[in-house]
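What follows is calculated from the coordinates using simple rules that are stated; it is not laboratory data. Bear in mind that the values here come from a model prediction, so they are computed numbers and not experimental data. Cβ: placed from backbone, ideal geometry, glycine included. Neighbour counts: every protein chain shown.
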Amino acid sequence: MESRADLLADASTAPTERADAARNRAKVLAAAAELFVSRDPRAVTMDDIAKAAGVGRGTLYRRYPDPNSIAVALLDEHERALQEQLLHGAPPLGPGAPPGDRLAAFYTAMIELLDAHANLALGAETGGARFTTGAYEFWYAHVRTLLVAADIPEPDGLVDPLLAPLAAEVFRQQRERGLGSADIAAALVRLAHGVLG
């Protein structure tokens, strides 16, 4: 998997997108965003997206192999903003706070992201796709770094379990059970402080 620096370097040397390709990409993303919000994102097909966007299937498949990749593209902007805050933002979300406080702030920020974009996350995470996104790798590295900073022995076994409550399906299930986002975030803050002190 390419690092973010590699992707940025590739982007700087990539050819400029043709105007018609840019228009088609915008139509596809807008149509897909609407479909992911109005339906169960796991049931949205490439045919649905092509029809809603008014583009041919070939046009769609040239850029995106499946609906998951379109959901990932839509979610990417929001995830990058959070990643920037984790790297360079003010504490406790950014550097400078104790690991438990940083994990608690990360959980709270992720619940806010899920609250605003749960359907996109659900579309992006269908099946095992959650574990193959660059964002998940970033979240994994962040949580592992916090565990190491807190001197937690054998941190690798804890990272995925600490990220599991942030799965879109878990969030959606909790909301359907009547929990509000604030309740979910508060529980995760307790978890963060319970694990990292």
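What the table below lists for this structure:
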item: Amide H partners (placed H, <5 Å) of residue 97, local residues excluded; result: none
item: Contour minus Cα-Cα distance for residue 190 and residue 169 (0.36 nm per residue); result: 5.5 nm
item: Which of 148, 41, 83, positive extreme of dipole for the chain (C-beta unit charges); result: 41
item: Cα shape, the stretch 94-144, gyration tensor, a/c 1.5 rule; result: oblate
item: Label of the coordinate-derived value, percent of Cα pairs over 23 Å apart, listed as [x] 49; [y] 44; [z] 38; result: [x]
item: Angle in degrees between helix 4-13 and the longest Cα principal axis of the chain, rounded to the nearest 10; result: 30
